[in-house]
1. Test V244 against the criterion of being surrounded by 23 or more Cβ atoms within 10 Å (Cβ to Cβ) and over 16 Å from the mean Cα position of the chain (by Cα), and give yes or no.
2. If a residue must be part of a helix (DSSP H, G or I), crowded, with 21+ Cβ neighbours inside 10 Å and in contact (Cβ under 8 Å) with a residue 40 or more places away in the chain, how many such residues does the range 58-71 contain?
3. Does the range 85-97 contain any residue that is in a helix (DSSP H, G or I), surrounded by fewer than 20 Cβ atoms within 10 Å (Cβ to Cβ) and modelled with pLDDT under 95?
4. Identify, please: which residue in the range 107-147 is in contact (Cβ under 8 Å) with a residue 24 or more places away in the chain and more than 19 Å from Y22 (Cα to Cα) and is, among those, surrounded by the fewest Cβ atoms within 10 Å (Cβ to Cβ)?
5. Quick one: how many residues across the range 108-130 are in a strand (DSSP E or B) and within 13 Å of the chain's Cα centre (by Cα)?
6. (1) in contact (Cβ under 8 Å) with a residue 40 or more places away in the chain; (2) of a type in the set (F, W, Y); (3) not in a loop (DSSP other than H, G, I, E, B): which one isn't true of F43, the others all being true?
7. It is to be established whether one or more residues within the range 131-144 are in contact with a Leu (Cβ under 9 Å, 6 or more places away or on another chain) and more than 15 Å from V80 (Cα to Cα).
8. What residue, among those in the range 39-82 that are of a type in the set (V, I, T) and at pLDDT 95 or above, is nearest to the chain's Cα centre (by Cα)?
Amino acid sequence: MNYKIVVDSCGELTEEMKQSGYFESVAMSIELEGSTIVDDETFDQADFLKRIAASGECPKSSCPSPERYMESYAGEAERVYVVTLTAELSGSYNSAVLGKNLYEEEYGKKQIHIFNSKSASVGETLIALKIQECEEAGMTFEEVIQTVEEYIESQKLYFVLETLETLKKNGRLKGVKALVASALNIKPVMGAAPEGTIYQIGQARGIKKALAKMTEMAAEGIQCGENKILGIAHCNCRERAEAVAEMIKEKKNVKDVIISNTAGISSMYANDGGIIVVI
């Protein structure tokens with residue numbers, strides 16, 4: 001194996017990715033009521049959502065340690081690519097960079113590149129798949145980096161959540177204007193700015209209208225769709241995700257669609273019923 005793609009656990013790996021042998025997930029973790037929940041294959045979304053609903057506390061996330069990243073760089077792979085949650089919202093990117101420094105101090109130079117996804121969840125998934133596509137096309141290490149960085153700059157992320165409380169309480173909505181009272185059932189349509197921060201791009205009354213508005217915005221943003229994969233992550237609401245996929249496909253053609261259930265970190269922020277769209 002000449003290359004390896006490391007993704008922090010905010011990015012969901014598909015079953016095919018897990019089985020391929022080219023991808024490794026590095027677990028983040030969640031603190032809730034004094035206990036630590038590791039975001040790996042042991043994560044139980046149903047139990048986690050029940051605990052969140054019953055808890056008066058706001059869960060908090062923590063990124064992988066530099067030492068854990070350092071471990072992931074070891075092995076026979078000549079080239080290692082890393083995809084992290086946006087550096088604007090997490091320390092995962094900085095931790096991965098420190099891990100690279102530690103690795104090279106101990107073992108010498110190696111072709112390791114860390115991508116700040118400027119995204120999250122299925123956005124990281126699509127970036128990881130783009131790296132694989134470039135590698136399989138026979139690109140050099142430098143060509144892969146350039147192509148993928150350009151892809152990251154072109155990527156667009158949108159989301160509609162039942163509640164923004166977890167994002168707000170964890171300070172992830174800095175700069176976002178005060179949100180309309182939930183009593184009016186106003187659901188904001190959110191997006192990621194080019195640098196990877198979160199901002200509000202629209203709103204509608206009720207989840208259905210908010211999802212419809214989001215699909216319109218997502219479809220409008222699709223250029224050369226026949227060459228792009230549409231990624232949708234959902235938190236415990238696959239039917240809703242499938243409906244969103246169909247609404248977008250009715251408006252624009254896309255190369256393929258990936259629908260995934262959110263893992264731990266994404267479940268923590270998306271909450272039950274949340275939908276994330278990346279193209």
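The values are calculated or read from the model by the stated rules, or taken from the named source; none is laboratory data. Small disclaimer: the values here were computed from a predicted structure and weren't measured. Cβ: placed from backbone, ideal geometry, glycine included. Neighbour counts: every protein chain shown.
1. On the way: surrounded by 23 or more Cβ atoms within 10 Å (Cβ to Cβ): yes; over 16 Å from the mean Cα position of the chain (by Cα): yes.
Yes, satisfied.
2. Our first condition is that a residue be part of a helix (DSSP H, G or I); within the range 58-71, this holds for 66-71.
Right, trim to crowded, with 21+ Cβ neighbours inside 10 Å and you get 69-70.
Okay, now just the ones that are also in contact (Cβ under 8 Å) with a residue 40 or more places away in the chain, so 69.
Selection size over the range 58-71: 1.
3. Within the range 85-97, the subset in a helix (DSSP H, G or I) is 92-97.
Checking the rest, the ones that are also surrounded by fewer than 20 Cβ atoms within 10 Å (Cβ to Cβ) come to 94, 97.
Still in the list and also modelled with pLDDT under 95: none.
No, the range 85-97 contains no residue that is in a helix (DSSP H, G or I), surrounded by fewer than 20 Cβ atoms within 10 Å (Cβ to Cβ) and modelled with pLDDT under 95.
4. Going through the range 107-147, the residues in contact (Cβ under 8 Å) with a residue 24 or more places away in the chain turn out to be 107, 110-129, 131-132, 135, 141, 144-145.
Applying the additional criterion that residues be more than 19 Å from Y22 (Cα to Cα) yields 107, 116, 118-120.
Working: Y107: 11, N116: 23, K118: 24, S119: 28, A120: 28.
Of everything passing the filter in the range 107-147, Y107 is surrounded by the fewest Cβ atoms within 10 Å (Cβ to Cβ).
5. Step one: list which residues in the range 108-130 are in a strand (DSSP E or B), which gives 111-116.
Next cut, within 13 Å of the chain's Cα centre (by Cα) only: 115-116.
Selection size over the range 108-130: 2.
6. That leaves (3) as the condition not met.
7. Kept after step one, since they are in contact with a Leu (Cβ under 9 Å, 6 or more places away or on another chain), are these residues of the range 131-144: none.
The answer is no, given that none of the residues of the range 131-144 is in contact with a Leu (Cβ under 9 Å, 6 or more places away or on another chain) and more than 15 Å from V80 (Cα to Cα).
8. Taking the range 39-82 and keeping what is of a type in the set (V, I, T), we get 42, 52, 80, 82.
When the remaining residues are screened for being at pLDDT 95 or above, the result is 42, 80, 82.
Numbers: T42: 19, V80: 19, V82: 13 Å.
If we take residues in the range 39-82 being of a type in the set (V, I, T) and at pLDDT 95 or above, then V82 is nearest to the chain's Cα centre (by Cα).
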